[in-house]
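Participant: Dropping the structure in here first, questions after.
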Amino acid sequence: MSLTHLDADGSAHMVDVGGKAVTQRQAIATGRITLSDEAITAIRDGLVKKGDVLAVARVAGIMAAKRTSDLIPLCHPLPLTKLSVDFAFEPQAIRATATAATAGQTGVEMEALTAASVALLTVYDMAKAIDKTMVIEGVCLLEKRGGKSGDWVRG
């Protein structure tokens, strides 16, 4: 298996996707942040002094996904047709799940991963005065749809 972001000399380059067909593509990524009961309660009850943590984190994730190619050097800028970030409370954690979609020549995995990551980082930023023990963990791709390599779902 060869790495597509390396040329014959081993130098990094942006992959030419110009000859690839435009197809519908979707990716879903997730991750979670562990928090103290006090921090979870403050977030759930809207008691964090900085504001509505999950609303701000959702917007931050969406904004970050739109800027993925500015953050990841060899990523193509993509016209996203959908980007959502959802949250679920778990025992001593909050899970973020991001879904990205486009009609394009390359996938949106990086956009979904970026959205989930930045959403979780925003939760951390907004709740750090309450809980300094938070841990962001398990950021991963759950599934991707479309493109030459087809569909993939984490087993």
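Participant: Return the residues of the range 90-123 that are surrounded by fewer than 17 Cβ atoms within 10 Å (Cβ to Cβ), in contact with a strand residue (DSSP E or B) (Cβ under 8 Å, 6 or more places away or on another chain) and not aliphatic (A, V, I, L, M); say none if nothing qualifies.
Facilitator: Scanning the range 90-123 gives 90, 92, 95.
Participant: Report, ordered by the first and then the second residue, all pairs with beta carbons closer than 6 Å, sequence separation of six or more or different chains, a first member in the range 59-82 that is under 12 Å from residue 101 (Cα atoms), and a second member that is among the acidic types (Asp, Glu).
Facilitator: 65/111
Participant: Then there's this: Could you tell me which residue of the range 101-120 is nearest to residue 79 (Cα to Cα), considering only residues that are polar (S, T, N, Q) and part of a helix (DSSP H, G or I)?
Facilitator: First, pick out the residues of the range 101-120 that are polar (S, T, N, Q): 102, 105-106, 114, 117.
Retained after the next criterion (residues that are part of a helix (DSSP H, G or I)): 114, 117.
Values: 114: 15, 117: 20 Å.
Going through the qualifying residues, I end up with 114.
Participant: Oh, and also: When you look at residue 138, is it at pLDDT below 95, within 17 Å of residue 28 (Cβ to Cβ) and outside any helix (DSSP H, G or I), yes or no?
Facilitator: Against the criterion (at pLDDT below 95, within 17 Å of residue 28 (Cβ to Cβ) and outside any helix (DSSP H, G or I)), residue 138 does not qualify.
Participant: Let me ask something else about it. Of a type in the set (Lys, Arg) and either part of a strand (DSSP E or B) or modelled with pLDDT under 95 (or both): is that true of residue 58 in this structure? Before the answer, list the steps.
Facilitator: On the way: of a type in the set (Lys, Arg): yes; either part of a strand (DSSP E or B) or modelled with pLDDT under 95 (or both): no.
Judged against the criteria, residue 58 is not a match.
Participant: Tell me, which residue of the range 124-150 that is more than 19 Å from residue 40 (Cα to Cα) and within 15 Å of the chain's Cα centre (by Cα) is surrounded by the most Cβ atoms within 10 Å (Cβ to Cβ)?
Facilitator: Filtering the range 124-150 for residues that are more than 19 Å from residue 40 (Cα to Cα) and within 15 Å of the chain's Cα centre (by Cα), the one surrounded by the most Cβ atoms within 10 Å (Cβ to Cβ) comes out as 144.
The values are calculated or read from the model by the stated rules, or taken from the named source; none is laboratory data. Since we're looking at a predicted model, the values are computed, not measured. Positions of Cβ are backbone-derived with ideal geometry, glycine not excepted, and every protein chain shown enters the neighbour counts.
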